[in-house]
Amino acid sequence: MSVEKSYAEINEKIKKGMAVVVTAEEIVDVVKEKGIEKAARQVDVVTTGTFGTMCSSGAFLNFGHSRPRIKMNKAYLNGVPAYAGIAAVDAYIGATALPESDPENRVYPGRFLYGGGHVIEDLVAGKRVKLEASGYGTDCYPRRHIETWITLDEINDAILFNPRNAYQNYGVAVNPSERTIYTYMGVLKPRLGNAGYSTSGQLSPLLNDPCYRTIGVGTRIFLGGGSGYVAWHGTQHNPGVPRGENGIPIGGAGTLALVGDLKQMSSEWLRGVSYVGYGASMAVGIGIPIPILDEDILRCCAVTDEEIYAPVVDYSSAYPQRESGDLGTVSYAELRSGTIKIEGKEVPTTPLSSYTKARQIAQILKNRIAEGSFQLSQPVQPLPSPQAGIVMKTLEEKKNKE
């Protein structure tokens, strides 16, 4: 008899403190010991986690009105420009924004860059941030300039809104050229001197739900230390990339647009980062619970690093110089081992996401659900998934072989 559960049933168990919750790492051993059917009956929720640089991130801020009022035309936070073309005292600061006073500094290797991600980190850390803004003056907004200090607690609203986070999978960056190159995937040494990668593998949210059966618009998540939601599919969402026999895409595929209250968040899980020779960004902590509604969902959650493959991509010159995957594919087990083999050469790997932090996030989310403080929300709309039928057929064939 097949296993079938509902969100309501699982949430009722969470409310009563009876839900069985395990992390995406722990479920692997549970399935090995009990098998898919017994594990699906026993386990109610699997928690995932990822922590890494996510450039397409930022925050909407409402500063509140000054006296006299100002309609901000330009705004700067600690010297970093924020987009103010929204309303009088609303602005959006992007994670990769850099001070206009020195726009060239991002190309100089060895120099620390303070950008939008650092401003957001400072705000959630409770630090004072300098706000400087100018306006053109109107009858209702006569003020033309303001310079003051703000804290997160003092401003009206602060909403983290990230247009593209939690890539489902991502390419492995290498540099076959004769010179060192500086990229958002880190410093890439010449002649295949290293390989950069940036996904938490078997802990990563969308790799545990490859068809987006439980992750959709309205899904409640761990975001930056607080609670947030999936607001939409992320920009560059492309679920139609080739997939392996387990339904896992071999390439970027899905992305998520995420939203949450910045005032609930922590600087432990939102960190400004500076990349040598490239620019500034922000590392974001994300955890997504996956309700075990049936055996197929659990089967997907039992994926391991040995089963997840990523394409190796040439980042030299104007990348990619070759089609994605022409340098082969490698598993996350190989990547996490510290070295991979490319064209017969042993290449050291350099992770740009923290597996340790991803594990901590999955555990924190597990604890919140188990103690009843975090209930699941059913998506109000699925994410675009044109290959869902193909993937589920593949999973069915795999199930029949078990």
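Points worth noting:
- Val28 vs. criteria under 25 Å from the mean Cα position of the chain (by Cα), farther than 29 Å from Val259 by Cβ and either surrounded by fewer than 16 Cβ atoms within 10 Å (Cβ to Cβ) or of a type in the set (A, V, I, L, M) (or both): yes
- Scanning segment 34-49 for residues that are in contact with a helix residue (DSSP H, G or I) (Cβ under 8 Å, 6 or more places away or on another chain) and of a type outside the set (Ser, Thr, Tyr) turns up Lys34, Ile36, Glu37, Ala39, Ala40, Gln42, Val43, Asp44, Val45, Val46, Gly49.
- For Glu121, the conditions (1) buried (at least 20 other Cβ atoms within 10 Å of the Cβ); (2) among the acidic types (Asp, Glu); (3) assigned to a loop (DSSP other than H, G, I, E, B) all hold with the exception of (3).
- Out of Ser56, Ser101, sole residue that is in a loop (DSSP other than H, G, I, E, B) and surrounded by 15 or more Cβ atoms within 10 Å (Cβ to Cβ): Ser56
- Residues in segment 139-181 that are farther than 30 Å from Val276 by Cβ, touching a Lys or Arg at 6+ places or on another chain (Cβ under 8 Å) and surrounded by fewer than 16 Cβ atoms within 10 Å (Cβ to Cβ): Cys140, Pro142, Glu147, Thr148, Trp149, Thr151, Asp153.
- Residues that are in contact with a strand residue (DSSP E or B) (Cβ under 6 Å, 6 or more places away or on another chain), surrounded by 23 or more Cβ atoms within 10 Å (Cβ to Cβ) and either modelled with pLDDT under 95 or more than 16 Å from Asn156 (Cα to Cα) (or both), drawn from segment 251-268: Thr255, Leu256, Leu258
- Residues of segment 59-72 that are surrounded by 15 or more Cβ atoms within 10 Å (Cβ to Cβ) and more than 24 Å from the chain's Cα centre (by Cα): Asn62, Phe63, Ser66, Arg69, Ile70, Lys71, Met72.
- Residue check, Leu113 surrounded by 14 or more Cβ atoms within 10 Å (Cβ to Cβ) and either assigned to a loop (DSSP other than H, G, I, E, B) or touching an Asp or Glu at 6+ places or on another chain (Cβ under 8 Å) (or both): yes
- Count of segment 270-301 residues which are surrounded by fewer than 23 Cβ atoms within 10 Å (Cβ to Cβ) and assigned to a loop (DSSP other than H, G, I, E, B): 5
- Those residues of segment 243-281 which are in contact with an Asp or Glu (Cβ under 7 Å, 6 or more places away or on another chain), under 30 Å from Leu98 (Cα atoms) and not hydroxyl-bearing (Ser, Thr, Tyr), in sequence order: Leu270, Arg271, Gly272
- Some residue of segment 132-153 being closer than 30 Å to Glu343 by Cα, outside any strand (DSSP E or B) and within 27 Å of the chain's Cα centre (by Cα): no
The values are calculated or read from the model by the stated rules, or taken from the named source; none is laboratory data. Remember, it's a predicted structure, so these values are computed and weren't measured experimentally. When we count neighbours, we look across all protein chains shown, and the Cβ atoms used for this are built from the backbone with ideal geometry, even at glycine.
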